[in-house]
Structures are given as C-alpha cells and as structure tokens.
1. Order the peptides 72-83, 358-369 from the highest to the lowest mean number of other Cβ atoms within 10 Å of their residues.
2. Would you mind ranking 345, 357, 47 by Cβ crowding within 10 Å, fewest neighbours first?
3. Put one equal scatterer on each alpha carbon of the range 78-118, apply the Debye formula with no solvent term, and list log10 I(q)/I(0) at q = 0.16, 0.24 1/Å to two decimals.
4. Build a GNM of the chain with springs between Cα atoms under 10 Å: which of 59, 165, 289 gets the top mean-square fluctuation?
5. Helix 184-204 against the longest principal axis of the chain: what's the angle in degrees, Cα atoms only, rounded to the nearest 10?
6. Who wins for biggest fluctuation among 186, 200, 163 in a Gaussian network model of the chain, springs between alpha carbons below 10 Å?
7. In percent, what relative contact order does the chain have, based on Cα pairs under 8 Å that are 6 or more apart in sequence?
8. Give, in nm to one decimal, the length gained when the segment between residue 129 and residue 373 is fully stretched (0.36 nm per residue of separation minus the Cα-Cα distance).
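Every read-out reported here was derived from the displayed coordinates using simple, explicitly stated rules and does not represent laboratory data. Every value quoted in this text rests on a predicted model; they were computed, and no experiment measured them. Neighbour counts run over all protein chains shown; Cβ positions are idealised from the backbone, glycine included.
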C-alpha cells in the first residue's frame with residue numbers, strides 16, 4: 001500500500017487538494033526516487049504536470065518507472081545513491097495508473113474501484129445469482145491488484161471471502177491465494193463470514209454523505225505545445241485543436257488569418273504594414289521575427305485579454321466542428337502550455353505559476369457556446 005501524504009497546488013487563485021506517493025522517475029538511464037503528486041482535478045506532477053492520459057504515456061514510455069534494470073544507478077536527492085542488484089517491483093504500469101485514478105476519485109468524494117466492488121458485493125449478498133456473481137467478479141478485478149487485500153479491512157482474512165464468492169465453487173483464486181480452487185465448503189464459509197460482516201457494518205454504518213462539503217472536481221484538460229502541420233487536420237488528441245496556434249483560419253473584419261495567434265500578434269503592433277506582413281506570414285516562426293522589435297499598440301497589455309477573447313469567439317463561431325471539441329470538455333478546467341509568455345497566457349510549462357488566461361478564456365467561450373445551445 002502506497003503511503004499517501006496530502007499536498008495542494010494553487011491554480012487560477014484556487015487551492016487544488018491532492019495526495020503524494022513515492023515513485024521512481026527514469027531519466028537518462030538512471031532512476032530517481034521522487035514523489036508523484038496527484039491532484040483532485042486529474043493532474044499528476046511527475047516532474048511536470050500532465051493529465052491522466054499524459055500520465056499513462058509517461059508510464060508507457062518508462063519515464064515513470066515500475067520496472068528496474070539490474071545494475072542501473074538510482075538516487076534519492078539529498079539522501080544517497082545506489083545501484084540495483086536484484087530489483088523487485090511491487091506494482092506495474094497498469095496497476096499504478098489504476099491506483100492514481102482511484103486517488104483522483106477519492107479526492108473528489110466519488111466511489112473508488114474498491115467502493116464499487118463493495119456495492120456489487122452487497123447486491124450479490126442480497127440476491128445471489130450468477131449475473132450478480134459475474135458483476136462482483138468484474139468489479140473485483142477492476143481494483144488495482146495491490147489494493148485488493150485491503151478491500152474488507154480485515155488483514156487476517158484479507159480478500160479471500162470476496163474472491164470465493166466472486167469466482168464461485170470450482171473457480172481459481174488469485175493474488176496471495178494464487179492457484180487455489182474454491183470448494184463448496186469454502187463457499188459456505190464465505191457466506192457465513194459475510195453474514196457476520198453485514199451485521200457488523202449495519203451496526204456501525206454512519207451517515208457519511210458528502211452533500212455540502214465540496215463539489216467533485218472534474219479532471220483538467222492540458223493543452224500541451226505541439227508542432228502542427230498546415231493542412232488543418234485534427235491533431236492527436238483532437239483536443240489540441242483548441243490551441244491558438246492550430247491552423248484554423250479566422251476572419252476578422254474581412255481579413256483572414258491562418259491562426260488565432262497570427263491575428264493576435266497582428267493586432268498587437270501599431271504599424272499597419274507590419275500587421276499585414278504578419279497576417280500573410282507563412283509560419284509562426286516568421287510571425288515571431290516580424291513582431292520582435294516592432295512597437296506595440298498603446299495600452300496593449302491592458303487590451304490584449306479582450307482581443308484574445310474576441311478572436312477565440314471568432315474561431316469557434318466560424319469552425320463549428322472545433323466548437324464541438326471545446327464543448328466536449330464539459331466543465332473541466334483547461335490548462336494551457338505557453339513557453340513564450342507563461343506568466344500571463346499559460347501555466348508556465350511544468351505548471352508552477354502562470355495565470356493561464358488562454359485556458360480561462362477558452363472556458364468563457366465554452367460557457368457562452370453552452371448557454372447559447374441551451375437557449376439561456
């Protein structure tokens with residue numbers, strides 16, 4: 001069982017609760033003992049903030065390590081370093097990802113995989129038929145295998161009674177009971193166990209409803225920086241089409257710009273000739289060169305937020321397919337990576353600081369689209 005410690009981070013003036021757990025980061029062939037920080041909005045800090053899909057990628061690539069190479073170097077900052085002689089891992093990538101997902105659910109007061117299994121267990125005990133046994137078995141197998149022995153809170157019996165009911169007479173157990181075959185006698189013993197267990201739960205069950213404590217927090221969306229082609233095809237994942245540098249032409253007062261970023265940079269400069277050169281620039285690299293050293297409009301630092309909001313409205317009004325992508329994010333927080341101006345538009349790359357106005361304005365436009373669709 002991972003030792004979890006409470007943590008938090010500040011985002012858009014809001015404190016996001018989280019938990020941390022030890023893990024190894026593999027970088028350059030060496031392993032570094034660190035802390036994963038898992039937050040209620042579904043972001044994970046593994047030497048850089050990523051969403052759950054990004055965390056799955058880090059696991060698949062081995063950046064977050066669950067396997068260790070014999071002879072490889074490892075270290076814990078400020079404590080010491082060593083080499084693995086005969087390494088043994090107590091988890092794997094799929095299991096760690098499932099544990100992290102459960103942590104996000106728990107931080108939001110939503111049922112974890114263990115909670116869902118207990119619901120399936122109670123349903124089976126109330127009316128034990130084969131369909132409910134199958135549902136119990138599926139729910140049990142969804143629990144990260146490292147956590148199954150803690151399901152009942154009974155370290156003498158561990159998860160044996162649940163497995164016996166879930167796999168049934170003739171079934172084969174797993175985990176610490178790997179390979180054992182369930183007998184009819186054991187099945188009866190498990191039913192007796194749960195008769196006592198149910199009575200005890202009913203006598204101690206308290207109302208732990210979470211109404212009024214906090215609202216569950218939806219997982220955040222991270223719009224990572226990515227190089228896009230010029231054909232306007234959807235990137236993978238399609239959510240990245242929400243970025244300002246995605247090639248989706250916008251018409252502003254009769255002038256067509258290849259991207260929102262072209263239009264924004266053009267609006268920032270005072271010289272009409274420079275604005276036109278930016279509009280027709282073939283790449284964002286050229287845009288950057290044209291803008292560099294060119295005088296800005298008066299009060300641009302104050303006006304820029306309103307300009308960006310207007311451009312984002314134009315983008316999603318003129319591209320209904322991209323509006324659908326934006327609406328598909330629901331009420332999730334949108335975090336925007338922007339190395340060029342992290343303190344204002346983005347979240348400062350790795351998530352430390354940054355006002356994230358690009359993400360906030362996308363949420364404003366999303367709310368406007370949703371309100372218009374609902375007739376509000």
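1. On the way: 72-83: 11.8, 358-369: 19.6.
Put in order of decreasing packing, that is 358-369, 72-83.
2. Details: 345 23, 357 20, 47 14.
Result, fewest neighbours first: 47, 357, 345.
3. Cα-only, vacuum Debye calculation for the range 78-118: -0.60, -0.83.
4. 289
5. Computed tilt is about 60 degrees.
6. Judging by the Gaussian network model, the answer is 200.
7. Values: 545 pairs, mean separation 40.4, N = 376.
After rounding, I find 11 percent.
8. Full extension from residue 129 to residue 373 adds 83.3 nm.
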